[in-house]
Structure formats: structure tokens, C-alpha cells
Amino acid sequence: MKDNSLTARVVGRVGAIERNLWDRLAGSDNPFVSHDFLTSLEDSSSVGPGTGWDPAPVILQDSAGVIVGALPAYAKGHSQGEYVFDHAWADAWHRAGGRYYPKLQIAAPFTPATGPRLLTRDAAYGVPLLRAAEQLCTGNNLSSAHATFIESDQLAIFEEAGWLLRNDIQFHWANRGYATFDEFLAALASRKRKAIRKERAAAAEGVTFRHLVGSDITEAHWDEFWVFYQDTGSRKWGTPYLTREAFSLFGERMGDRVLLMLAYDGDRPIAGALNFIGGSALYGRYWGCTEERPFLHFELCYYQAIDAAIARGLSRVEAGAQGPHKLARGYEPVKIWSAHWIADPGFRSAVADFLERERHGVASDQMYLGERTPFKKS
């Protein structure tokens with residue numbers, strides 16, 4: 001694509017772009033759009049041939065050949081690992097005689113965490129990047145393009161480009177200047193505060209917890225966590241998305257941004273939770289266990305994450321997809337966003353009508369859930 005002095009092209013993989021050039025555009029706040037994270041997925045074969053996630057990053061260059069923008073994009077042959085569900089759209093389009101797959105996904109694979117999807121230091125390049133995505137679709141018979149878990153600061157660019165916006169709800173914990181977990185508990189209603197203390201005491205009975213970062217994480221620890229991850233992955237998805245090598249590469253390339261929390265019964269590991277550390281947030285990503293213990297999941301994934309965020313002065317915890325059960329544990333309903341471009345005008349109109357109806361329902365749900373947080377009512 002050429003637009004005055006700008007040229008867009010597809011690169012075969014993020015690893016083909018120099019690390020410093022990519023990260024200059026991606027910034028340092030969000031770990032999931034970093035060169036280290038995305039190339040770890042590529043180099044571990046977690047994405048690529050046979051996965052249905054074929055890397056197709058788009059770069060935008062100025063007249064001097066300088067890369068001024070990029071999209072972390074993938075050609076998708078299915079809708080797995082996205083956490084924004086469009087299966088009904090695919091079914092409807094197939095019943096109408098259309099072909100929904102392949103499509104273009106602008107996302108951090110397997111990662112329901114908010115972040116930038118238009119990687120550029122100048123917002124003026126945002127619309128040209130989206131136009132490049134559209135042309136990539138039309139030139140390669142892709143039905144549509146989808147950007148998921150978009151940070152709110154970029155929504156206006158997608159609107160300007162005419163993409164359809166969709167919103168849903170996640171549950172995030174917000175740090176309101178708490179110095180300790182007890183200060184957070186003090187903000188809750190008495191009954192909820194007592195319930196959390198009871199849960200934490202039950203989870204800690206006979207169990208010790210270790211928080212590991214950077215060089216403290218050994219291959220033996222990754223082996224332990226791999227067992228937990230496989231158990232959860234096989235139950236949720238049938239086949240875990242990540243390969244074992246991905247975890248080694250995370251530790252090797254971005255260990256200081258990885259927080260591995262393990263639970264032990266004596267010397268025996270029984271559960272683990274993997275988190276990524278951002279500039280302003282802690283992102284809970286994977287959990288698993290080999291032994292069920294009362295409230296251990298809540299302790300390791302939610303309460304220990306709050307402890308870690310407070311200790312690091314982070315403003316929030318994003319604990320992943322799903323989760324009305326998080327509400328009682330101090331995680332509040334937050335609106336999340338995706339954006340969609342659909343090539344066929346008739347199909348686009350039908351999706352737009354669906355999104356308008358869906359939006360009202362999501363707003364009602366958020367209001368209902370917001371009134372039921374465990375915090376003291378003024």
C-alpha cells in the first residue's frame with residue numbers, strides 16, 4: 001500500500017524486524033506486544049505453521065524507509081485463542097454461503113489483556129495502518145479484520161477509520177493507593193472482608209507460596225509449571241496453546257517481566273500461576289494445579305496477585321478472561337473493547353445491527369455488577 005509518502009508491507013514474522021525498531025513503536029508498558037513476547041511465540045512454534053495463527057505483521061514506512069508504525073497481525077484459520085467470541089458470526093456467514101475463514105487478527109495471541117494494537121509513536125499513522133490491514137484482507141481474500149483487547153486511548157482511531165466497535169466486560173482489581181493488603185480489605189464491607197480472610201487462611205493451611213522473578217526461575221520451575229499448565233489447558237481448550245519451549249523463552253528473554261508464583265506442600269509443588277509485569281499493571285495469565293485445595297485458586301491467582309501489585313506500586317491487576325466469581329474478591333467490572341472491519345457490505349450491516357443490540361445488554365450487565373462490588377457503600 002502507498003499513501004503519499006507512506007508504504008505498508010507485510011513481514012513474515014516479528015522476528016524479521018530488529019528488536020529495538022519494534023520496541024520503539026510498542027513502548028515498554030505492555031509486555032504482550034513486545035518483541036521478546038511475540039518472537040518467543042514464533043520461535044517456540046506456539047504460532048506459525050499448523051497452529052492456525054500465521055504471523056503477518058504489517059509495518060508502515062515513511063519516504064526515508066523508517067518504520068513509523070506496525071500491527072501485530074495474524075492470518076487465522078479458526079477463532080481459537082482469541083477470547084472475543086465470533087463463532088456465531090462465522091456460522092451465520094457460512095450458512096449464507098460465505099467464507100469467514102481465513103481472517104486477519106490484530107492481537108497478542110492467546111492473551112485477553114488490554115494493550116496497544118496500533119504500534120506507533122504518532123497517532124496520525126493509526127488510520128494508514130488500518131487501511132493497510134483492510135487492503136491486506138481484500139488482496140488475499142480474507143473476510144474480515146479484528147483487533148481485540150484494544151486500549152481505550154486508541155478507540156478513536158478505529159472509529160475514525162470506520163471500524164465497528166464492540167465492548168464486553170472483564171474484572172480488574174484497582175489499586176487506590178493501598179500500602180498493604182489489609183488497607184485494601186479495610187475498603188470492603190465487613191462481611192466481605194471476613195470472607196476473604198477466611199478464604200486466605202484456608203488456602204494457606206499446610207501450603208507455602210514462592211514468588212519467583214528473573215534468574216530465580218530455573219528450568220526445573222518451568223517443568224513444574226508445565227505440568228500445571230497442561231492440566232488446565234487440556235481441560236479448557238483440549239490442547240494447550242503454548243509449547244513447553246515458550247516458557248523457557250519467556251524466562252530467558254523477559255525474565256524480569258515474569259512473575260511465577262508456586263504453591264508447595266512441603267517440598268512438593270501442587271499449583272502455580274504465571275503473571276507478566278507491565279509498567280502499570282500485573283497481568284495474570286496461566287494457572288494450574290495437580291491437587292485441589294480449598295480456595296487455592298483464589299489465593300494464588302487473585303489475592304497473591306494483589307499482594308504483588310501493591311508491593312510493586314502497580315495500578316491494577318488484570319486477571320484474565322471470565323470471572324463473575326472475581327467480583328466478591330475485589331475485582332470490579334471494567335469495559336473492554338474490540339474493533340472489526342468486514343469486507344462484505346451486507347454482512348457488515350448485519351454485524352453492526354447485532355453489536356448495537358449487544359451493547360445495550362453489556363451496559364446493563366456492567367451496571368448490575370457494579371452495584372454488587374464488595375466495597376463499602378457510601
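The values are calculated or read from the model by the stated rules, or taken from the named source; none is laboratory data. Just so it is clear, the structure is predicted and the values come from calculations on it, not from any experiment. Cβ: placed from backbone, ideal geometry, glycine included. Neighbour counts: every protein chain shown. Protein only, heavy atoms only, side chains kept; ligands, DNA and RNA dropped before computing areas. Shrake-Rupley method; radii C 1.70, N 1.55, O 1.52, S 1.80 Å.
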Amide H of Ile336: which non-local residues (sequence gap of 5 or more, or other chain) have their own amide H closer than 5 Å, using H built in the peptide plane? Asp168, Ile169, Gln170
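Just by accessible area at a 1.4 angstrom probe, what is the order of His211, His78, His360 from largest to smallest? Please list the in-between numbers first.
Numbers: His211 75, His78 50, His360 115 Å².
Of His211, His78, His360, the descending order of accessible area is His360, His211, His78.
How much mean residue ellipticity at 222 nm does the chain get from its helices, if each DSSP H run of length 4 or more adds -39500 (n - 2.57) and you divide by all residues, to the nearest 500 deg cm²/dmol?
Mean residue ellipticity at 222 nm (helix-derived): -10500 deg cm²/dmol.
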Efficiency of FRET from Cβ geometry, Lys335 and Thr290, R₀ 51 Å, rounded to 0.05: 0.90
Report the residues of segment 333-354 in range of a label on His360: point 7 Å along Cα→C-beta, backbone N strictly under 12 Å from it. 354
Accessible-area composition of segment 19-176, carbon plus sulfur, in percent [1.4 Å probe]: 49 percent
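Specify the longest stretch of the chain that does not include any exposed loop site, a site being one of the chymotrypsin sites (Phe, Trp or Tyr not before Pro) with a non-H, G, I, E, B DSSP assignment and at most 12 other Cβ atoms within 10 Å.
Values: sites that count: Phe85, Trp237.
Formally, the longest exposed-site-free interval is 86-236.
Would segment 235-340 count as rounded, prolate or oblate if I go by the C-alpha gyration tensor, calling it rounded below 1.5 in a/c and otherwise prolate when a/b exceeds b/c, oblate otherwise?
Verdict is rounded for segment 235-340.
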Need one value: the accessible area of Leu142 in square angstrom, 1.4 angstrom probe, rounded to the nearest 10. 20 Å²
What order do Asp223, Asp344 take when sorted by accessible area (1.4 Å probe), most exposed first? Asp223, Asp344
Return a single number: how many Lys pairs in the chain, at a sequence separation of 8 or more or on separate chains, have alpha-carbon atoms below 27 angstrom apart. 24
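As a test, work out the antiparallel percent of DSSP beta bridges whose residues both lie in the chain, rounded to the nearest 5.
Numbers: 58 of 65 bridges.
That works out to approximately 90 percent antiparallel.
In segment 343-378, which GluC sites (Glu not before Pro) fall in coil by DSSP and have 12 or fewer other Cβ atoms within 10 Å? Write down the numbers at each step before the final one.
Working: sites: Glu356, Glu358, Glu371; in loops: Glu371.
In loop regions of segment 343-378 (DSSP not H, G, I, E or B), the sparsely surrounded GluC sites (Glu not before Pro) are Glu371.
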Label zone at Ser280 (point 7 Å along Cα-to-Cβ), backbone N below 17 Å, segment 139-170: 149-157
Charge dipole of the chain about the Cα centre (unit charges at C-beta), most positive-ward option of Pro345, Val68, Tyr241: Pro345
What does the C-alpha gyration tensor say about the overall shape of the chain? Classify as rounded when a/c is under 1.5, otherwise prolate if a/b is larger than b/c, or oblate. prolate
Please compute the modelled spin-label separation between Thr208 and Arg268, points set 7 Å along Cα→Cβ, answer in nm with one decimal. 1.6 nm
Computed ³J(HN,Hα) along segment 298-310: with the Karplus parameters 6.51/-1.76/1.60, θ = phi - 60°, integer Hz and x for glycine or proline, the list is 4, 5, 6, 8, 10, 6, 5, 5, 4, 3, 5, 5, 4
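How would Ile196, Ile157 line up by accessible area, probe 1.4 Å, largest first? Show your work: numbers first, answer last.
Details: Ile196 5, Ile157 25 Å².
Largest to smallest exposure gives the sequence Ile157, Ile196.
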May I ask for the angle, rounded to the nearest 10°, between helix 244-254 and the longest principal axis of the chain, with both axes built from Cα atoms and the value confined to 0 to 90°? 90 degrees
What list of ³J(HN,Hα) values in whole Hz, one per residue of segment 23-38 in order, does the Karplus curve 6.51 cos²θ - 1.76 cosθ + 1.60 (θ = phi - 60°) give from phi, with Gly and Pro shown as x? 5, 4, 7, 6, x, 10, 6, 10, x, 7, 9, 6, 4, 4, 5, 5
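Quick one: if the Förster radius is 51 Å, what FRET efficiency do Ala343 and Asp182 give, using the C-beta to C-beta distance and rounding to 0.05?
Numbers: r = 54 Å, r/R0 = 1.07.
Step by step, r from the Cβ atoms, then E = 0.40.
If you take the beta carbon distance between Arg200 and Arg312 as r and set R0 to 30 Å, what does 1/(1 + (r/R0)^6) give as a FRET efficiency, to the nearest 0.05? Spell out each step's value before the answer.
On the way: r = 20 Å, r/R0 = 0.66.
The calculated FRET efficiency here is 0.95.
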If one takes the longest principal axis of the Cα atoms in the chain, at what angle in degrees, from 0 to 90 and to the nearest 10, does the Cα axis of helix 345-370 lie? 20 degrees
When the chain is fully extended, how far beyond the present Cα-Cα distance does Asp29 get from Arg191, taking 0.36 nm per residue of separation? 54.7 nm
Skip the ligands, DNA and RNA, and give the accessible area per residue of the chain with a 1.4 Å probe, whole Å². 42 Å²
With 0.36 nm assigned to each residue of separation and the Cα-Cα distance removed, His87 to Arg9 gains 25.2 nm
Dipole magnitude (debye, nearest 20) for the chain, charges at Cβ of Lys, Arg, Asp, Glu: 980 debye
Please compute the length gained on full extension between Glu371 and Val227, using 0.36 nm multiplied by the number of residues separating them and subtracting their Cα-Cα distance. 47.9 nm
